[in-house]
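A.B. asks: Take this structure, written in structure tokens, and hold onto it; I'll ask about it next.
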Amino acid sequence: MLHFLWMSDFNCFTGQLFIDCAMERKGICFLLLLLVVHIKALKHNIDIHQPLSKIAIHRTAILLDSSVSIDATPVLLGLEGKHADYVTVTFKRPIGAAITDWIGVFSPASFNASVCVEDLPVTNRDFPPLLCTAPIKYQYANYSSQNYASSGEGFLKFRLINQRADFAFGYFSGDLYNPVLLAVSNTVTFADPKRPAYPRLAIGNVWNEVSITWTSGYSLREATPLVIWGTEEKKDAYASGAGTLSFTQKDMCGPPARTVGWRDPGYIHTVSLKELWPNTRYHYKVAHRLQNGSFIWGRDGFFKAPPFPGEDSLQRVVIFGDMGKGEQDGSNEYNNFQPAALNTTYRLKEDLENIDLVLHIGDICYANGYISQWDQFTEQIEDIASQVPYMIASGNHERDWPTTDSFYKNTDSGGECGVLAETMFNMPTKNKAKFWYGLDYGMFHFCFADSEHDWREGTEQHKFIENCLASVDRQRQPWLIFVAHRVLGYSSDKYYAMEGTFGEPLSRESLQKLWQKYKVDLALFGHVHNYERTCPVYENICVSQEREHYSGTFNATIHLVVGGAGASLSEYTPIQTDWSIFKDYDHGFSKLTAFNHSTLLFEYKRSSDGKVYDNFWISREYKDVLGCDVLKNCPSTTLAS
């Protein structure tokens, strides 16, 4: 039997629908619960990409109940130097257990009103908070114990990573919108919480420079950060000191980054290893030298130095956008793109021996102002980013905020306004706040645009884009690639079609003349969460009928949407355009393989199985990019002899 009651007793579910389900009607009850959750989601300002935004933590009531218990074991983690470990949480609520009860993981463990800061006016709180720090993850109490609502007992397993502070678990009733804190567990901690962790590589300002960035809990007053490195023959030949950065709550532009989502980011250290020998394997180890002369060591790592620009060798580059972060323990069930984010990560790890470079073109981890999620993302990609350069572009979920200079005046960054991405990853930009740059890798020349800053004609970025495209020597580097987060080219996304633009408004009008003039082979974009390939297209017209093998004289740029690496899939418009020749409504990523100066292979792979679902070849010689293109756009000439 189903009973619908509006309850006024705060110990029940204040102001919400109470559903009492008979055992035989659990399926119907669950559907009704989902409906209630959906209605409440519409009433709250919830970010569909970030599950922690679903928790109205500032509305928490603290009603500690001595009959309710929660315990976590083991209490000491990472005894073998590991950055991640599992904790078993057992709990009991003898009276009133409900399927909406949940367990939140808090770090630091001392979460209470004393750590609250004055809210910004835009948060519009109804009353002073009793709890103002969001958990770093959560699970429903019945996730592992299906009979929890009737028995009042259960257990959960949480995977924790080293985030430089201790942890405690809060036991809540009242669902995510009206949380009631019933009990708090004992504290658990890592054996060495400040230890250096999560190294990530990037190509530096010149082709033979690689930077190593990592995170630790050590300030410069406590220890000196450095990297010991060398070739395979002499692994400890060099020691290079690191620069150290951090940021404070006041550096955030708004909530939740400046309020409930804030968490101390620790210290971010970067070393640049210079004058590397091309294609040489280097060994490295990050470390901190304490004041007493002893060392705290991070993990051993290695990488292969980039090839010389123009070098004729096998070169393989993976490109995708919008991956996000997944939870191996099933936490944050609201985050429905977890499996794809993890699947993409797993596929890259499985094939890492065949990958030389990774380009993640925006919407990195969807932290959206919940700072703890950046640690969790860098841990997720550690096995990849610690071995091959991991280059990023800026997306709307890293940069956009209304009161800043972002081109789009929305709140997609959750108040981060670019600070996290610009600090956590060390890209070769001239100015970190203007996240555009060029990149040489062997036979490739990449131009990274920052779609979150103005790219229209006459702007600083438009001038950069033209200079980047014009600077390449196509005899040495035949493969010219343009990348950006938002679709500045062509897409059959439903919302772009509704706008009638099939891409960002005014983008093609501003950029396609440059792509054609400088004979850009490929333009790759994220933002739209699916896969799509166009024909070689200029001004909405296919200029070639080839589909699997493009050869000879340059015709036009092929546009590729590769934003399906993790986030919830985007729907296509039902309108069939002439320029769209392949779509895949699934999660996946792309891979470029340059075999030599005249042969390039593009592959699109699904994240679920790593198999190729679309591919094409480009065969082109130097003379094919020197003269006129197939549209008869020709370099200037003179009749003089």
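A.B. asks: Can you tell me which residue in region 613-641 is farthest from ARG547 (Cα to Cα), limited to those that are surrounded by 14 or more Cβ atoms within 10 Å (Cβ to Cβ) and of a type in the set (Val, Ile, Thr)?
C.D. replies: Only one residue tops the list, namely VAL625.
A.B. asks: Just to check your reading of the model, which residue among ALA556, ALA565 is surrounded by 16 or more Cβ atoms within 10 Å (Cβ to Cβ), in contact with a Cys (Cβ under 9 Å, 6 or more places away or on another chain) and part of a loop (DSSP other than H, G, I, E, B)?
C.D. replies: Criteria check complete, one pass: ALA556.
A.B. asks: Which number in (1) of a type in the set (Lys, Arg); (2) closer than 29 Å to ASN343 by Cα; (3) not in a loop (DSSP other than H, G, I, E, B) marks the one condition that ARG547 misses?
C.D. replies: (3)
A.B. asks: Given the conditions (1) surrounded by fewer than 15 Cβ atoms within 10 Å (Cβ to Cβ); (2) assigned by TED's automatic domain parsing to the domain that holds GLN512, report the number of the one that SER607 does not fulfil.
C.D. replies: Single failed check for SER607: (1).
A.B. asks: Filter region 48-68 for residues that are farther than 17 Å from GLN139 by Cβ and small (Gly, Ala, Ser) and give the result.
C.D. replies: ALA56, ALA61, SER66, SER67
A.B. asks: Checking the conditions here, which among CYS535, CYS542 is touching a Ser or Thr at 6+ places or on another chain (Cβ under 7 Å) and assigned by TED's automatic domain parsing to the domain that holds PHE446? Even if it seems obvious, please write down each step before you answer.
C.D. replies: On the way: CYS542 fails: touching a Ser or Thr at 6+ places or on another chain (Cβ under 7 Å).
So the residue among CYS535, CYS542 that is touching a Ser or Thr at 6+ places or on another chain (Cβ under 7 Å) and assigned by TED's automatic domain parsing to the domain that holds PHE446 is CYS535.
A.B. asks: Give the residues of region 422-469 that are closer than 15 Å to GLY362 by Cα, out of contact with any strand residue (DSSP E or B) (no Cβ under 7 Å at 6 or more places or on another chain) and in a helix (DSSP H, G or I), sorted by residue number.
C.D. replies: GLU422
A.B. asks: A further question on this structure: Kindly list the number of the only condition in (1) out of contact with any Pro (no Cβ under 6 Å at 6 or more places or on another chain); (2) farther than 22 Å from ILE212 by Cβ that fails for ALA421.
C.D. replies: ALA421 satisfies every listed condition except (2).
A.B. asks: Next up: If you check TYR171 against the conditions, is it part of a loop (DSSP other than H, G, I, E, B) and touching a residue at least 60 places away in the same chain (Cβ under 8 Å)?
C.D. replies: Values: part of a loop (DSSP other than H, G, I, E, B): no; touching a residue at least 60 places away in the same chain (Cβ under 8 Å): yes.
Answer is no for this residue.
A.B. asks: Out of PHE377, PHE308, which single residue is assigned to a loop (DSSP other than H, G, I, E, B) and of a type outside the set (Gly, Ala, Ser)?
C.D. replies: On the way: PHE377 fails: assigned to a loop (DSSP other than H, G, I, E, B).
PHE308 is the lone residue from the list that is assigned to a loop (DSSP other than H, G, I, E, B) and of a type outside the set (Gly, Ala, Ser).
A.B. asks: Look at region 129-165 and say how many of its residues are assigned to a loop (DSSP other than H, G, I, E, B) and either over 25 Å from the mean Cα position of the chain (by Cα) or farther than 18 Å from PRO193 by Cα (or both). Step through it out loud before you land on a result.
C.D. replies: Step one: list which residues in region 129-165 are assigned to a loop (DSSP other than H, G, I, E, B), which gives 129-136, 141-147, 152, 162-165.
When the remaining residues are screened for being either over 25 Å from the mean Cα position of the chain (by Cα) or farther than 18 Å from PRO193 by Cα (or both), the result is 129-135, 141-147, 152.
Adding up the residues that qualify gives 15.
A.B. asks: Give the number of residues within region 70-114 that are under 20 Å from ASN178 (Cα atoms), out of contact with any Ser or Thr (no Cβ under 6 Å at 6 or more places or on another chain), in contact (Cβ under 8 Å) with a residue 24 or more places away in the chain and not hydrophobic (A, V, I, L, M, F, W, C).
C.D. replies: Of the residues in that region, 4 qualify.
A.B. asks: Hey, can you tell me all the residues within region 585-628 that are part of a loop (DSSP other than H, G, I, E, B) and in contact with a helix residue (DSSP H, G or I) (Cβ under 7 Å, 6 or more places away or on another chain)? It would help to see each step written out before you state the result.
C.D. replies: Step one: filter region 585-628 for residues part of a loop (DSSP other than H, G, I, E, B), giving 585-587, 597-598, 607-611, 620-621, 626-628.
HIS587, SER607, SER608, GLY610, listed by residue number.
A.B. asks: Say we look at region 263-283 and pick out the residues that are among the basic types (Lys, Arg) and outside any strand (DSSP E or B); which of these is surrounded by the fewest Cβ atoms within 10 Å (Cβ to Cβ)?
C.D. replies: Per the criteria, the residue is LYS274.
A.B. asks: Follow-up question, since we're still on this one. In region 525-553, which residues are aliphatic (A, V, I, L, M) and either in contact with a strand residue (DSSP E or B) (Cβ under 6 Å, 6 or more places away or on another chain) or crowded, with 16+ Cβ neighbours inside 10 Å (or both)?
C.D. replies: Restricting attention to region 525-553, the residues satisfying the condition of being aliphatic (A, V, I, L, M) are 528, 537, 541, 543.
Correct list: VAL528, VAL537, VAL543.
A.B. asks: Cβ-Cβ under 9 Å, sequence separation 6+ or interchain: first residue in region 449-469 and assigned by TED's automatic domain parsing to the domain that holds ILE364 and surrounded by fewer than 20 Cβ atoms within 10 Å (Cβ to Cβ), partner assigned to a helix (DSSP H, G or I) and among the polar types (S, T, N, Q). Which pairs?
C.D. replies: ASP454/GLN461; ARG456/SER507; ARG456/SER510; GLU457/SER510; THR459/SER510; HIS462/SER510
A.B. asks: In region 406-421, which residues are in contact with a Cys (Cβ under 9 Å, 6 or more places away or on another chain), more than 12 Å from GLY362 (Cα to Cα) and part of a loop (DSSP other than H, G, I, E, B)?
C.D. replies: SER406, GLY415, GLU416, CYS417
A.B. asks: Take the residues in region 206-236 that are under 22 Å from PRO306 (Cβ atoms) and modelled with pLDDT under 95; name whichever of them is surrounded by the most Cβ atoms within 10 Å (Cβ to Cβ).
C.D. replies: Of everything passing the filter in region 206-236, LYS235 is surrounded by the most Cβ atoms within 10 Å (Cβ to Cβ).
The values are calculated or read from the model by the stated rules, or taken from the named source; none is laboratory data. What you are looking at is a predicted structure, and each value in this text was computed from that prediction instead of being measured. Heads up, the Cβs are rebuilt from the backbone with ideal geometry, glycines too, and the neighbour counts pull from every protein chain shown.
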